[in-house]
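Engineer: Structure below; questions to follow.
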């Protein structure tokens with residue numbers, strides 16, 4: 001019993017809590033072009049490194065092995081969104097779903113920064129990110145939830 005308690009404390013202590021995380025439920029489990037989940041978060045530490053992740057929860061009936069998205073980023077003080085197109089793989093070439101699964105529900109967390117690298121958010125203030133699905137099918141079926149997770153890297157503080 002004591003061993004179980006020690007192990008549970010050890011493992012829960014290793015899980016990094018996010019700097020920011022928010023998910024949006026998709027109505028009727030479809031994601032349409034006009035549904036662009038918006039995420040606003042404040043950055044106060046511009047010397048830190050951050051990992052940005054796209055979160056998606058889908059069913060086994062999702063008909064594709066990937067999802068293409070547009071990521072729109074607006075820096076503090078700007079009125080203009082920068083637009084980047086990303087492919088998020090959801091299945092291996094063999095067809096096996098990636099991520100974590102429970103029953104017929106699968107959850108994937110993919111880096112959305114350049115090649116999965118950490119990024120510096122160099123402007124203090126409120127950042128805004130919008131995510132738009134960019135598949136050929138509209139609405140995109142069997143998508144339950146999409147979100148954004150930002151982790152502040154421990155030991156990532158440094159000055160240039």
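The values are calculated or read from the model by the stated rules, or taken from the named source; none is laboratory data. Just so we're clear, the structure is a prediction, and the values are computed from it rather than from any experiment. Don't worry about glycine lacking a Cβ; one is built from the backbone with ideal geometry, like all the others, and counts go over all protein chains shown.
Engineer: Looking only at residues that are at pLDDT 95 or above and in a loop (DSSP other than H, G, I, E, B) in region 8-35, which one is surrounded by the fewest Cβ atoms within 10 Å (Cβ to Cβ)?
Structural biologist: 34
Engineer: I would also like to ask the following. Can you say whether residue 126 is modelled with pLDDT of 90 or more, out of contact with any helix residue (DSSP H, G or I) (no Cβ under 7 Å at 6 or more places or on another chain) and surrounded by fewer than 15 Cβ atoms within 10 Å (Cβ to Cβ), as far as the supplied structure shows?
Structural biologist: The answer is yes for residue 126.
Engineer: Of (1) surrounded by 14 or more Cβ atoms within 10 Å (Cβ to Cβ); (2) at pLDDT below 95, residue 158 satisfies all except one. Which?
Structural biologist: The failed condition is (1).
Engineer: Would it be correct to say that residue 62 is in a loop (DSSP other than H, G, I, E, B), touching a residue at least 12 places away in the same chain (Cβ under 8 Å) and surrounded by 19 or more Cβ atoms within 10 Å (Cβ to Cβ)?
Structural biologist: Details: in a loop (DSSP other than H, G, I, E, B): yes; touching a residue at least 12 places away in the same chain (Cβ under 8 Å): yes; surrounded by 19 or more Cβ atoms within 10 Å (Cβ to Cβ): yes.
It is true that residue 62 is in a loop (DSSP other than H, G, I, E, B), touching a residue at least 12 places away in the same chain (Cβ under 8 Å) and surrounded by 19 or more Cβ atoms within 10 Å (Cβ to Cβ).
Engineer: Residue by residue through region 37-58, note down the ones that are surrounded by 15 or more Cβ atoms within 10 Å (Cβ to Cβ) and closer than 15 Å to residue 145 by Cα. It would help to see each step written out before you state the result.
Structural biologist: We begin by selecting, within region 37-58, every residue surrounded by 15 or more Cβ atoms within 10 Å (Cβ to Cβ); these are 37, 39, 41, 43, 48-58.
Once the filter is applied, which keeps residues that are surrounded by 15 or more Cβ atoms within 10 Å (Cβ to Cβ) and closer than 15 Å to residue 145 by Cα, region 37-58 yields 37, 39, 53, 54, 55, 56, 57, 58.
Engineer: Follow-up question, since we're still on this one. Of the conditions (1) at pLDDT below 95; (2) surrounded by fewer than 17 Cβ atoms within 10 Å (Cβ to Cβ); (3) more than 20 Å from residue 35 (Cα to Cα); (4) over 15 Å from the mean Cα position of the chain (by Cα), residue 114 fails just one. Which one is it?
Structural biologist: It is condition (4) that residue 114 fails.
Engineer: Turning to a different aspect of this structure: Take the residues of region 65-107 that are within 14 Å of the chain's Cα centre (by Cα) and part of a loop (DSSP other than H, G, I, E, B): which is surrounded by the most Cβ atoms within 10 Å (Cβ to Cβ)?
Structural biologist: Selected residue: 90.
Engineer: Moving on to the next point. Regarding region 36-55, can at least one residue be identified that is part of a loop (DSSP other than H, G, I, E, B) and modelled with pLDDT of 95 or more? Show your work before the answer.
Structural biologist: Filtering region 36-55 down to residues part of a loop (DSSP other than H, G, I, E, B) leaves 36-37, 44-49.
Within this subset, residues satisfying the condition of being modelled with pLDDT of 95 or more are 36-37.
Checking region 36-55: at least one residue is part of a loop (DSSP other than H, G, I, E, B) and modelled with pLDDT of 95 or more.
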